[in-house]
Structure formats: C-alpha cells, structure tokens
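J.: Structure provided below as structure tokens; questions to follow.
Throughout, read-outs are computed from the coordinates displayed, never taken from laboratory work. Note that this is a predicted model, so its numbers are computed, not measured. Glycine also receives a Cβ, built like all others from the backbone with ideal geometry; neighbour counts cover every protein chain displayed.
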Amino acid sequence: MARYGTIIGTGHYLPETKVTNEELKARMGQINPALADVIDKFEESSGIRQRWYAPRDWVTSDIALPAAQAALRAAGIKPEQLDMILLGTDTPDYITPATSVVLQHKLGAVNAGTYDIGCACASFPTGVAAASGLITTNTWVKYVLVVGVYMMSKLADPNDPAVFFYGDGAGAAVLAVDSKPGFITSAYLADGAYHSYWGIYSGGTYEPATVEAVQAGRTQVRITNRYPPEVNHDNWPRLVRMLAERGDFAVSDIDVALFTQVRLPSIKLVMETVGLPLAKTHWIMEDWGYTGSACIPMCLDDAIQKGKVKSGDLVVLVGSGVGYNQAGVALRMP
C-alpha cells in the first residue's frame, strides 16, 4: 500500500498581550519624534496594525506548547501517539539543545523523536515536506507533529523601530499516514549571499557572546541591509509555478495559496502575477503582526477555522526566510 503524509489537524496559539501601532508610536516618539513617522510608514507598507506578546518570562517552547496541543486535539490523537516532532524556529530556547526536544518533554510525547528546522519563515513548508518524507519512507511512522513558532520580540531591541514587525505566536499541524496523496510536492530556493542582511550575529561561533557584544546590542536581532522586494516578488511566483509543474497541476487549479505574512502588498502583487484571484489567499498580519516561523501554520489554521480551506482543496504554502531560504509545498486537504 502506498503511504502518503496528510494533514489531519491544525492549531495555533496567539498570546494575550496586544501591542498596537499607536502604543509603539507613543513609545518611539518619546525616544525620537521622527521614529513615530517610521512606524506610520511601516504600517502603510506592511498592513500590520498590531501584534501580540507572550509573557516576558516565557520561552519559545512555552508558546509552541498550546499550538501543539490544539493541533493534537483537532487530529484526535494523544501526545504519546506521536512518532516525530519537527519544530521550525529562528528564536530557539537555546543555541543547544534543540527546542523540539524541550517541547517533546513539555508535551508529554514520550515516544517521539525530534529535530529542529532552522530556516526561519521557510521552516514550516520545509517541515511539512520532511514529515511527509518520514511517513512515506518509514513504515513505523504514523503521526508527525510539525510546529512553527516565533518569539523574536524577546530578542529585539525594544527601541529599534524594526520591533514593529515582531509578533509572538505558534502554529502546528499533525500529519498522518494515508493511502491517498495529501502531500503532493515541494520546491526550494536559497541564496546565502543575503545571510548578512538580517539576523542575530553574536552568540554563535562567528562571534561568541561577550560583555562587549551584549552591551553593543549584537546579541539582538538586527536588520543591516534592505532585502530587495524582488526576492519575494519574483521568487514566490517562481515557487508556485515550480510546484504546479512538479505536482502536475495547473496554477489555476490551486484553491488556496498562503505566503509568508510580512507585507500584504507583496501577497496581492504575487497573486496577480500568478493569475489567481485575491479570494484564493488569506492573511493574518494586519491583526497578528509578523510571526516569522509561525506565520504560515497560523494562517493555515485560521483559514481552516474560517472555512476558507476545505476538504479536498489544493493548497499551496510558500515561505520566505532570512538568509535567504525559501520553500513551498503543495497539499491536498483530506
């Protein structure tokens, strides 16, 4: 019997503390009145109006836990039934050990193996493809949990205007073995020439953390250069077309296409470029902020809850992470 990975349950978690653009403007304005104007420009270019923060004494795995639990409830399985947990984030609890193993412990998934996926916003599509591959090639794998989680707000300088983008959150999906295709195909792009544009550059082997590095703010996230818009505007359509070609379907066959939730104008432009109506996408960044590694599974779960993604739908997920890494998957929803 053929084995395919199929999503049987999704979930997400949004923290309780709301931070509006007006609150950010007031705080930034106290530092420098010109920064309030920057917040207005960010809002206009992104569509983001607010974001949500987890308690400051939480860690990334704490945010992942309720999303994972929600996905398990939706799938109708218990933590001990999981065979593997794949967790995507670029805001881990620690440099090492892996955050996935911390989540495994907190979740009580005593029979699951784990590993982390570290390609930022491309992590969830990458994780879905990897989970399907595990199911297809290993007869002992029945259930795999894939989680995307983000807590960059805790690793950012609160006085840096770029904090505008960072919202905390997590999304998750359970993939199960099925005799008919759920996962269809995948596509990837990368260009490491951009690795120095956006990241946390102290605390690893490039520059181990020192008192000087901490005092200079180098252990916090920094945008050092502007990504050309073409990185997403050209490559997202390219990935969609790659998926259609590899999956033997027409772009027009896609029922829902979901993208990294950072700029609404980019999503609108890409949908127009690939010839899909705006009704065939969904977005959450206006109310939830940019939730990085978590944004695609959060958007997928929200679309399912709102009835925009239904059984039998052909769904495409395209993620774009710093570095840069880009990944896409095509799925048939059960």
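J.: Restricting to the stretch 121-151, name every residue that is touching a Phe, Trp or Tyr at 6+ places or on another chain (Cβ under 9 Å) and small (Gly, Ala, Ser).
T.: Scanning the stretch 121-151 gives Ala122, Ala129, Ala130, Ala131, Ser132, Gly133, Gly148.
J.: Report, by residue number, each residue of the stretch 121-165 that is among the charged types (D, E, K, R) and outside any loop (DSSP other than H, G, I, E, B). Break it down stepwise before answering.
T.: Applying the first criterion (among the charged types (D, E, K, R)) to the stretch 121-165 yields 142, 154, 157, 160.
Listed by number, the list holds a single entry, Lys154.
J.: Which condition number does Thr96 fail, the rest of (1) buried (at least 18 other Cβ atoms within 10 Å of the Cβ); (2) among the β-branched types (Val, Ile, Thr); (3) without any contact (Cβ under 8 Å) to a residue 40 or more places away in the chain being met?
T.: (1)
J.: Scan the stretch 213-225 and tell me whether some residue there is among the hydrophobic types (A, V, I, L, M, F, W, C), closer than 27 Å to Pro265 by Cβ, part of a helix (DSSP H, G or I) and in contact with a Leu (Cβ under 7 Å, 6 or more places away or on another chain).
T.: Among the residues of the stretch 213-225, not one is among the hydrophobic types (A, V, I, L, M, F, W, C), closer than 27 Å to Pro265 by Cβ, part of a helix (DSSP H, G or I) and in contact with a Leu (Cβ under 7 Å, 6 or more places away or on another chain), which makes the answer no.
J.: Still on this model: With a cut-off of at least 3 residues that are in contact with a strand residue (DSSP E or B) (Cβ under 8 Å, 6 or more places away or on another chain) and more than 30 Å from Arg226 (Cα to Cα), name the strands (runs of 3 or more DSSP E) lying wholly within the stretch 30-120. Walk me through how you get there before you give the answer.
T.: Details: elements: 50-53, 84-88, 113-117.
Here the list reads 84-88, 113-117.
J.: While we're looking at this one, here's another question. Evaluate the following for Arg51: is it surrounded by 21 or more Cβ atoms within 10 Å (Cβ to Cβ), touching a residue at least 60 places away in the same chain (Cβ under 8 Å) and over 28 Å from Ala112 (Cβ atoms)?
T.: So Arg51 fits the description; yes.
J.: Going through the stretch 291-308 one residue at a time, which ones are outside any helix (DSSP H, G or I) and surrounded by fewer than 24 Cβ atoms within 10 Å (Cβ to Cβ)? Outline the logic, then answer.
T.: Narrowing the stretch 291-308 to residues outside any helix (DSSP H, G or I): 291, 306-308.
Across the stretch 291-308, the qualifying residues are Lys306, Gly307, Lys308.
J.: Going by the structure shown, is Ser252 surrounded by fewer than 14 Cβ atoms within 10 Å (Cβ to Cβ) and not charged (D, E, K, R)? I'd like the intermediate steps shown before the answer.
T.: Working: surrounded by fewer than 14 Cβ atoms within 10 Å (Cβ to Cβ): yes; not charged (D, E, K, R): yes.
Against the criterion (surrounded by fewer than 14 Cβ atoms within 10 Å (Cβ to Cβ) and not charged (D, E, K, R)), Ser252 qualifies.
J.: On to the next question. May I ask you to list the residues in the stretch 229-272 that are part of a loop (DSSP other than H, G, I, E, B) and not aliphatic (A, V, I, L, M)? Spell out how you get there, then give the answer.
T.: Step one: filter the stretch 229-272 for residues part of a loop (DSSP other than H, G, I, E, B), giving 229, 248-250, 254-255, 260-263.
If the condition is that a residue be part of a loop (DSSP other than H, G, I, E, B) and not aliphatic (A, V, I, L, M), then Pro229, Asp248, Phe249, Asp255, Thr260, Gln261, Arg263 are the ones that fit.
J.: For residues that are among the hydrophobic types (A, V, I, L, M, F, W, C) and over 21 Å from Met152 (Cα atoms), scanning just the stretch 212-242, find the one that is surrounded by the fewest Cβ atoms within 10 Å (Cβ to Cβ).
T.: Looking at residues that are among the hydrophobic types (A, V, I, L, M, F, W, C) and over 21 Å from Met152 (Cα atoms), I get Val231.
J.: Among the residues of the stretch 16-29, write down those that are under 25 Å from Trp58 (Cβ atoms) and either in contact with a helix residue (DSSP H, G or I) (Cβ under 7 Å, 6 or more places away or on another chain) or part of a helix (DSSP H, G or I) (or both). Full working, then the answer.
T.: Initially, the stretch 16-29 is screened for residues under 25 Å from Trp58 (Cβ atoms), giving 16-24, 26-28.
Answer for the stretch 16-29, where residues must be under 25 Å from Trp58 (Cβ atoms) and either in contact with a helix residue (DSSP H, G or I) (Cβ under 7 Å, 6 or more places away or on another chain) or part of a helix (DSSP H, G or I) (or both): Asn21, Glu22, Glu23, Leu24, Ala26, Arg27, Met28.
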